[in-house]
Amino acid sequence: MKNIIYLLPTLSLVGCTSQQVEEKPNVIVILADDLGFGDVSAYGSTTIHTPNIDRLAHEGACFTNGYATSATSTPSRYALMTGMYPWKNKDAKILSGDAPLIINENQFTLPKMMQSCGYVTGAIGKWHLGMGAGNVNWNTTIKPGAKEIGFDYSCLIAATNDRVPTVYVENGDVVGLDPSDPIEVNYDTNFEGEPTAISNPEMLKMNWAHGHHNSIVNGIPRIGYMKGGKKARWKDEDMADYFIEKVKGFIAEHKESPFFLYYGLHQPHVPRAPHERFVGKTSMGPRGDAIMEADWCVGELLTYLEKEGIMENTIIIFSSDNGPVLNDGYKDGAAEMAGSHSPSGGLRGGKYSLFDGGTHIPLFVYWKGKVQPIKSDALVCQMDLVASLGDMLGATLPEGLDSRNYLSAFMGTTSVARENLVIEAQGRLAYRSGDWIMMPPYKGSQRNLTGNELGNLDEFSLFNVKSDREQTSNVAAMHPELLEQLKQEFFTQTDGFYRSDVEEEPLK
Ligand code: NG6
Ligand code: CA
């Protein structure tokens, strides 16, 4: 493994000439959680209707080849936030709720770059990049965290909505904590007398399918054990309302200054417990309804920007951290009720997968009056946003970033962007180059407990995703020279990080 610290581009090199840049639009990144390419109607799904998200797609640049770097949340968000390939950081894998911050405090980050360009920065919603320095004490201000990596304001869930502690953390402090009922968290052993899904199944309003049988909060079993903090615990059904109010509050406070807002939607990640206003809005059960709730959140945000009169001066980037999954460990009927809905929009695989459905996600850039409506097939990755926004603002970027400047592509004025991209799924790597995807062989099972195909193939394989979008035919044997070329490019780019013996981490 490489010496990671040595590789990290540091902040000292960052500067900004944005005083000379006349336009400093607000920038909002909305990142949904596990929303697939087929989960928005903008790409043609007829089984779901997402009018507010579609508005961004139809009135902005709608990317048909938009990528997350990774098929799971933490590494994907790490790349977006740092402009670095996550597989270069051994800690960038699905984090527990008590994991320490995985971004070095001296490291260059997107929010720090925005700060250096005169922006006020905020992070609201899902975090999943770790908090604190290990052995987190949830009863005092937690640091380092969002603030130390460049967010002036933050209101977050530490990890995922299925992991303890099930509390909101605002600027490093647990919201509504009663000091006489301190919070304790443990990912290995339960606290004596605390109910779990195993000891007290009668307390459950949602059942688990795999994993998710530890502490029960709000009738929902979680990953990890938690004690105390009873008054501070969130109610899943209110989470969307809670965060959109925080979003509006942040915008209201900073509408005069340019602001950068990272809004991490928790939908449609498990547990899917939308507010009762959305229950039954689709025939697909909680997963479909959670997507409706996410669409509503986007609508609320757009309406609010209009009301505040700042829509024209705000770039909105919408995407998802990784591909979709139906059964991610709760018996919520998502698979049974999906009907003809294809969450991945026909792409092979989904969350956790090295097949295209793992990382090929919805991506839209909306800037009223500035970005013309266009469907773009440019190959772009969320990791490139930092260099591209940096270019727009005249920021000086440090050496050694993996992020590349494709500002014109993001603005929809050219379809020339990435020639290639290394993609990652639970430590395993593959390579997209042009219309081709090259997948190295990996050991391990064909599917994990979710039922999603993982993309563990026996040999180096080659797919043309233009003519064979569903990756049904490995055509490596027909194109030996191309395969060799892509292998060499891949080995060069991954420079020692590719290991054929990596197995995806099993879901417990
Ligand atoms: C898995 C969880 C899954 C989800 C995922 C992270 C089990 C069995 N499964 O380990 O439910 O939480 O981690 O999802 O525990 S992500 O979108 O944040 O990457
Ligand atoms: Ca996710």
*Hits in region 51-98 - residues which are more than 28 Å from residue 174 (Cα to Cα), of a type in the set (Ser, Thr, Tyr) and buried (at least 23 other Cβ atoms within 10 Å of the Cβ)*: 67, 69, 70, 85
*Kindly indicate whether residue 371 is part of a strand (DSSP E or B) and either surrounded by fewer than 24 Cβ atoms within 10 Å (Cβ to Cβ) or more than 16 Å from ligand 1 (Cβ to nearest atom) (or both).*
no
*Of all the residues that make up region 255-276, how many are away from ligand 2 (no atom under 16 Å from the Cβ) and either touching a residue at least 12 places away in the same chain (Cβ under 8 Å) or not charged (D, E, K, R) (or both)?*
10
*State all residues of region 311-334 that are farther than 25 Å from residue 80 by Cα and surrounded by fewer than 21 Cβ atoms within 10 Å (Cβ to Cβ); if no residue qualifies, say none.*
327, 331, 333
*When both residues are 6+ apart or on different chains and their Cβ atoms are under 7 Å apart, which pairs have a first residue that lies in region 123-134 and is more than 16 Å from residue 89 (Cβ to Cβ) and β-branched (Val, Ile, Thr), and a second that is away from ligand 2 (no atom under 12 Å from the Cβ) and open to solvent by 10 Å² or more (accessible area, probe 1.4 Å)?*
124/246
_Enumeration of residues in region 281-295 that are open to solvent by 40 Å² or more (accessible area, probe 1.4 Å) and in contact with a helix residue (DSSP H, G or I) (Cβ under 7 Å, 6 or more places away or on another chain)_ = 281
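Condition check ((1) away from ligand 2 (no atom under 13 Å from the Cβ); (2) over 20 Å from residue 434 (Cα atoms); (3) of a type in the set (D, E, K, R); (4) at pLDDT below 95) across all residues:
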position: 309; (1), (2), (3), (4): yes, yes, no, no
position: 316; (1), (2), (3), (4): yes, yes, no, no
position: 320; (1), (2), (3), (4): no, yes, no, no
position: 326; (1), (2), (3), (4): yes, yes, no, no
position: 331; (1), (2), (3), (4): yes, yes, yes, no
position: 338; (1), (2), (3), (4): yes, yes, no, no
position: 348; (1), (2), (3), (4): yes, no, yes, no
position: 356; (1), (2), (3), (4): yes, no, yes, no
*State yes or no: is residue 68 free of Cβ contacts under 8 Å to residues at least 60 places away in the same chain, under 29 Å from residue 16 (Cβ atoms) and within 16 Å of ligand 2 (Cβ to nearest atom)?*
no
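The values are calculated or read from the model by the stated rules, or taken from the named source; none is laboratory data. For clarity, every value in this text was computed on a predicted model and none was experimentally measured. All Cβ positions, glycine included, derive from the backbone under ideal geometry; neighbour counts span all protein chains shown. Areas reflect the complete protein model, heavy atoms only, side chains present, ligands, DNA and RNA absent. Shrake-Rupley method; radii C 1.70, N 1.55, O 1.52, S 1.80 Å.
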